[in-house]
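All remarks here apply to the structure that follows.
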Amino acid sequence: MNKQEKTQLQRYLDKNGFVKAWPGKAHKRQLILQYLASKFEANKKYSEPEVNLILRKYIDDYVTRRRDLVEAHLLERTDDGVSYWLKSRK
């Protein structure tokens, strides 16, 4: 994330890093999704409740954002939704 993107992201976060607004523009939504994905450890599997617990620290609508993270290919999950993990970047 470059300096300009970090500045844009900060507009949507409160002083504690909680997402206070969901932007209308796709590029800015992607910045927030990347921010949320950064809260997960690489090479670690999470249960759905664990994912929810992490996301709830940063955003109210954690269920929708969990889905958005998977659809944006930032998080991957098993077909049955039992395990989630941070998508590795190659």
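The values are calculated or read from the model by the stated rules, or taken from the named source; none is laboratory data. This is a predicted model, so every value here is computed, not measured. Neighbour counts are summed over all protein chains in view; Cβ atoms, including those assigned to glycine, are modelled from backbone coordinates with ideal geometry.
Tabulated results
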{"item": "Total residues in the stretch 19-73, condition in a loop (DSSP other than H, G, I, E, B) and among the aromatic types (Phe, Trp, Tyr)", "result": "3"}
{"item": "Selection from the stretch 73-90 of residues that are within 24 Å of LYS20 (Cα to Cα) and either among the charged types (D, E, K, R) or crowded, with 16+ Cβ neighbours inside 10 Å (or both)", "result": "LEU74, LEU75, LEU86"}
{"item": "Flag if LYS15 is assigned to a loop (DSSP other than H, G, I, E, B), of a type in the set (D, E, K, R) and within 11 Å of the chain's Cα centre (by Cα)", "result": "no"}
{"item": "Scan of the stretch 39-51 for residues that are out of contact with any helix residue (DSSP H, G or I) (no Cβ under 6 Å at 6 or more places or on another chain) and either farther than 15 Å from ARG65 by Cα or surrounded by 12 or more Cβ atoms within 10 Å (Cβ to Cβ) (or both), ordered by number", "result": "PHE40, GLU41, ALA42, ASN43, LYS44, LYS45, TYR46, SER47, GLU48, GLU50"}
{"item": "Test: residue in the stretch 24-35 that is within 11 Å of the chain's Cα centre (by Cα) and over 28 Å from GLN4 (Cβ atoms)", "result": "no"}
{"item": "Selection status of GLN8, surrounded by 12 or more Cβ atoms within 10 Å (Cβ to Cβ), modelled with pLDDT under 95 and either touching an Asp or Glu at 6+ places or on another chain (Cβ under 7 Å) or not in a loop (DSSP other than H, G, I, E, B) (or both)", "result": "yes"}
{"item": "Condition check for LYS15: more than 28 Å from VAL82 (Cβ to Cβ), surrounded by 16 or more Cβ atoms within 10 Å (Cβ to Cβ) and charged (D, E, K, R)", "result": "no"}
{"item": "HIS73, sole failed condition from (1) of a type outside the set (Val, Ile, Thr); (2) touching a residue at least 40 places away in the same chain (Cβ under 8 Å); (3) on the phi > 0 side of the Ramachandran plot", "result": "(2)"}
{"item": "Close pairs (6 angstrom Cβ cut-off, 6 or more residues apart or separate chains): under 16 Å from ARG29 (Cβ atoms) in the stretch 1-18, among the small types (Gly, Ala, Ser) anywhere", "result": "TYR12/ALA21"}
